[in-house]
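Chemist: Got a structure for you, written out below as structure tokens; questions coming shortly.
The values are calculated or read from the model by the stated rules, or taken from the named source; none is laboratory data. Fair warning: this is a prediction, and the values are worked out from it, not measured in the lab. Cβ coordinates were reconstructed from backbone atoms using ideal geometry, including for glycine residues, and neighbour counts include every protein chain displayed.
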Amino acid sequence: MKIIGERLLALREGMKLSQAKLASLCGSTQANIYRYEADKTSPPFSILLWYADYFDVSMDYIFGRCDDPKGKLYEYKPDLLLEKAAKNDELRQFVEMCFDPNSPINGRLKEILVRMLQEGNQ
């Protein structure tokens, strides 16, 4: 898919890395990096996951499903959390802060909150 190559190229160039340097970081070769970026071959999933982790972007972004590097589901607000937040003003404010795209709190905290609330309902 052409979009994958374009995104991989943009991520690498955005960090001012050469193909050779990136290849050494991810355990590949410069020739493979060229092939991925030029859409001559598809990168294996292990390489795609490495890109997502290294550049801190979502797989949705790499696959062209969205233009936000954080991902398509970044704004997702689980129903369970919203129900509890509606009943508690302090919790509602905290939840809004957590899911604010400008907040420094990341998606992992969101997952932890949901898990804690689900365990609390059992």
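Chemist: Can you tell me how many residues within region 12-25 are over 18 Å from PRO69 (Cβ atoms) and crowded, with 16+ Cβ neighbours inside 10 Å?
Modeler: So the count comes out to 2.
Chemist: Out of the residues in region 34-66 that are part of a loop (DSSP other than H, G, I, E, B) and within 9 Å of the chain's Cα centre (by Cα), which is farthest from ILE4 (Cα to Cα)? It would help to see each step written out before you state the result.
Modeler: Of the residues in region 34-66, the ones part of a loop (DSSP other than H, G, I, E, B) are 38-44, 56-58, 63-66.
Now drop any that are not within 9 Å of the chain's Cα centre (by Cα), which leaves 56-58.
On the way: ASP56: 16, VAL57: 13, SER58: 12 Å.
The extreme case among them is ASP56.
Chemist: Please work out if PRO69 is modelled with pLDDT under 90, under 14 Å from ILE3 (Cα atoms) and in a loop (DSSP other than H, G, I, E, B). Before you say what the answer is, go through the steps one by one.
Modeler: Details: modelled with pLDDT under 90: yes; under 14 Å from ILE3 (Cα atoms): yes; in a loop (DSSP other than H, G, I, E, B): yes.
Judged against the criteria, PRO69 is a match.
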